[in-house]
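Asks: Dropping a structure here in structure tokens format, bear with me for questions.
The values are calculated or read from the model by the stated rules, or taken from the named source; none is laboratory data. Keep in mind that what you see is a predicted model, and the values were worked out from it rather than measured. Counting neighbours? That spans all protein chains shown, and the Cβs are built from the backbone with ideal geometry, glycine included. In case anyone asks, the SASA skips ligands and DNA or RNA and just uses the protein heavy atoms, side chains included. Shrake-Rupley method; radii C 1.70, N 1.55, O 1.52, S 1.80 Å.
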Amino acid sequence: MADQNKTAEVKSSNELLSPSELFEARTRSHKIPVRGQKDFLPSGSDQQRERLQQSLQEHWKLVSEERVERLGNLVKAVWIPSDQRVELLSPAGKFWQTMGFSAHGKQCLHPEEALYLMECGNLQVFYKDLPLSIQEGYETFLCSKTMSIHHYKVFGHLKRLGYVVTRFDPSRVPSQYERQLNLAQSRERPGRRLKRKRSLSPPSGHTETQEGATAMGTEEERDGNREEEDMNPMPEDTNPKLKDTNPKPENIHPKPEDTNPDDTQMAAQDDPSTTAEGCRSWWSKGGSPHPDLPGQSQNTGSPRWDFTSISFPDLGSRHQHPRSLASPDPCLLPGAVGSVGPCDVVPWLNRLNLREVRMSRREQERERDRDRYHRDVNLDREVQRCRNWTEYRDLLERRSRRRHRDRPAHLWEGEVTPLHDPSQVCLTGELMDKISVVKSTQLFEGASSLKCSNEWRISFNIYQPDTVAEFKKSTPGKPYSRMCVCSFSGPVPDLQTLKVLAFQSGDVPVTYAVEDHGDISFYCFKNFQIPKDESF
Amino acid sequence: MDLSEANITKQVSKDDAGEGSMARELIKINFCGSTPLLWRTEDLKAARELGFVGTLVGSLARQPRQNTRLGRPLELLLEEGRLMADMERAAVSGLDSKSEDPEVSPAVVEQYYAGLENSFQEQSALALEDRKMTLTRVLTEKQKGEGATKLHINTWHLCEKYPFSSIKCSGTTLEFSKGQEDADSNVRNRLEALDRSFSFPRTAMSVQLCTARAGLAHCPQERQFLTADWPMPQDERCKCRFQVFKDLRRRGFYLTSAGKFGGDYLVYPGDPLRFHAHFIAVCVSMDESMPLCDVLAIARLGSNVKKTVLLCSSGESQDDEREEVVYTSLQWSGMA
């Protein structure tokens, strides 16, 4: 008796359908019975009891129904526990447009996607040669912390509403910099272009990507050149030029006696300190090296040249033109060059355009207009009287004090001053801004430097149902929203979490899906600017 | 509360009677993470009979892509599960989820595929039977009606109705003579032709996608559940929640979660399928102080959804050791 009971129990607990039941299931209805109006209070009447019985019956019929699908409509797959994914064994169905990914040349599904398709009756997942029931699917697929049953309930809810739901990958969110430059698309595009138009010759494309790429390339090149230039020490750079312009130093007859006084004079004018002992001029007198210089130049520390102490000849000066330049101090030249003879600058100077700028009448007028409003500080007599910066600063101080003479000193001279000077006129709105002590902040403010706890993370990207037709997994575009899953029993996200997640999501809003025993409510936190009334 | 008090005694007595008559089969609670779930329809029914409602959280088999009616599994509140366990009516599995993957013996796999093959054959036979019946019915109907109509319309309908059909009826534009014998032989011929040519393609076979775990063969060890094992954190608030749940349940109310109303439980006077909730139960510890604005906010919310807010606190009663729950409700009093 007990045995019989047991077998009966096993059979019913298996909830397995017989072949005839399976066959009958072909023609079963797909309508959902409508629930009637509810009553207010149980009255104990037979009518009420009957109605409850009927409702319950319908309810159990609906709930107990098993999924029966034709083999031809089912996609077969296997569960790979080590990779936490499901590999398809037969070609995917329509769902492939919005779900799944390819790995190792195989079509794969994430566990939550597989489970959802199992629940929809599109997929049969095998593990160890046996098909998994929905229950086994729940128990094996939803064991990770990042994809718990809470996440799946939100996932399933959104999928049933028709949304396209994909896993959120923080590395695929374009950074703020990329967003500013609109680089997000161009980064995604090259791969696709490569795949499609490999045969095309590169210059034929006119896409932004390529333009961007080439522009960046030249920029880089230029940068590189500049860097090289910067790296070159000055003498090495100038020396070849000097040589070039001085093809036949022997033919030129330098007059060192004539030029040298000029030279030194000039140097003295430029920088009075050059006359001091120990300082040197690039252009040494008579081409003889300074006694203590060679030793200095041997010090090959990183600052090889102290450019403040080396004076360069001013060849553009209009007033004094040395006819030739004495040869540079050999210690400033690279070893291989040796000594360079004096340089005749006359042919050089002939090439310079030294004519005065002649302005047209209009230009002169413009200049005059500008001068009328723009006074040269140096023309001010008081300023001229200043001998150094301290005196000039004192002068400015004195002037500003004179200007603010009407301000009471006890208000304006202390460390704390009024927020606004009543003598200055400004708009009401500006005034309100000025006197607001506590500034309002934005959600993004300071978010980049905050760190988020591991508890909070964005789980899904959401795309609206009406975009399904154009949805492409390779280029999903900007999501409608991003989803963070939490529950009523857990903590409420704090401001730091809100900031960090909002920052992580970039320009896509973050929605918080709160799951409570099957009820799912969605919340989002938004910046709100209190409207200002500036009419008064 | 007077009214509900009166109700309660009745409900409780009914409950007791029900328990006595029912066979004591354990309800199997399966944990998925920390969520208690019921999977088998039988368990769902048994739980409902005990007054535990729960929430359906899976896709409905009949129409999976909608959210208004959901299907198995049924999610239980932790309190529901614990009370079931207290009543010694529940068995639990899957709580220590890191149990080893049980090996599947090849015999089980073999058995499964043999069963599948068997099912296909039976389905094929059933399909043939079904086809024959339809054909006979159609032909006899034809016969009764005006004899000389073209059959092809009907056969066309037939094919439409069974798109999996691989049979192509030969001579669809066959005409009948009026003679009875002719018709009979015709039917016979047709049936024989059907017998010969009928094949039921494999892709048309139906298979079941099981909802609950199939068979007990590879089910992890189930055991009678001990209350101490129940994964409920034993802090003040949870204790209070459980006491309130137990008490309201004892009084015959049906309870569901009230997260969306900002409370702990929604309290129904009868089965939620037929009745609206009357109360929103909010559990507050006896010695916990509550800001007045919270009380006002929740009372305002309750009146907006036409429900009464119950502040429920559990504590020990004065006269005996038994724990009792104190209910307080808030009402706007019009003083116009």
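Asks: Got a number for residues in region A:113-129 being within 7 Å of chain B (Cβ to nearest Cβ) and within 15 Å of residue A:71 (Cα to Cα)?
Replies: Residues in region A:113-129 being within 7 Å of chain B (Cβ to nearest Cβ) and within 15 Å of residue A:71 (Cα to Cα): 4 in total.
Asks: Look at residue B:116 and say whether it is modelled with pLDDT of 90 or more, open to solvent by less than 70 Å² (accessible area, probe 1.4 Å) and at the interface with chain A (Cβ under 10 Å from one of its Cβ atoms).
Replies: Taking the combined requirement at face value, the residue does not satisfy it.
Residue by residue, here is whether (1) assigned to a helix (DSSP H, G or I); (2) within 13 Å of chain B (Cβ to nearest Cβ); (3) crowded, with 22+ Cβ neighbours inside 10 Å holds:
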| position | (1), (2), (3) |
| --- | --- |
| A:138 | yes, yes, yes |
| A:145 | no, yes, no |
| A:153 | yes, yes, yes |
| A:162 | no, yes, no |
| A:177 | yes, no, no |
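Asks: Let me confirm something: among B:280, B:298, which residue is more than 30 Å from residue A:48 (Cα to Cα) and surrounded by 15 or more Cβ atoms within 10 Å (Cβ to Cβ)?
Replies: Answer to the check: B:298.
Asks: For region A:386-395, how many residues are assigned to a helix (DSSP H, G or I) and open to solvent by less than 80 Å² (accessible area, probe 1.4 Å)?
Replies: 3
Asks: So residue A:90 ticks every box in (1) open to solvent by less than 80 Å² (accessible area, probe 1.4 Å); (2) at pLDDT 90 or above; (3) within 23 Å of residue B:204 (Cα to Cα); (4) away from every other protein chain (no Cβ under 12 Å) but one. Which box is left unticked?
Replies: (4)
Asks: Further question: Any residue at all in region A:376-385 that's open to solvent by 70 Å² or more (accessible area, probe 1.4 Å) and within 45 Å of the chain's Cα centre (by Cα)?
Replies: Yes: one or more hits.
Asks: Would you check which residues across region A:100-126 are in a loop (DSSP other than H, G, I, E, B) and free of Cβ contacts under 8 Å to residues at least 24 places away in the same chain and list them?
Replies: A:104, A:105
Here's the yes/no breakdown for (1) assigned to a strand (DSSP E or B); (2) not hydrophobic (A, V, I, L, M, F, W, C):
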position	(1), (2)
A:34	no, no
A:44	no, yes
A:53	no, yes
A:56	no, no
A:61	no, yes
A:77	yes, no
A:83	no, yes
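Asks: Something else about it: Please go through region B:293-306 and give me each residue that is within 32 Å of the chain's Cα centre (by Cα) and either at pLDDT 90 or above or β-branched (Val, Ile, Thr) (or both), ordered by number.
Replies: B:305
Asks: Can I ask one more? Looking only at region A:14-59, count every residue that is open to solvent by 100 Å² or more (accessible area, probe 1.4 Å) and within 7 Å of another protein chain (Cβ to nearest Cβ) and tell me the total.
Replies: Looking only at that region, the number is 2.
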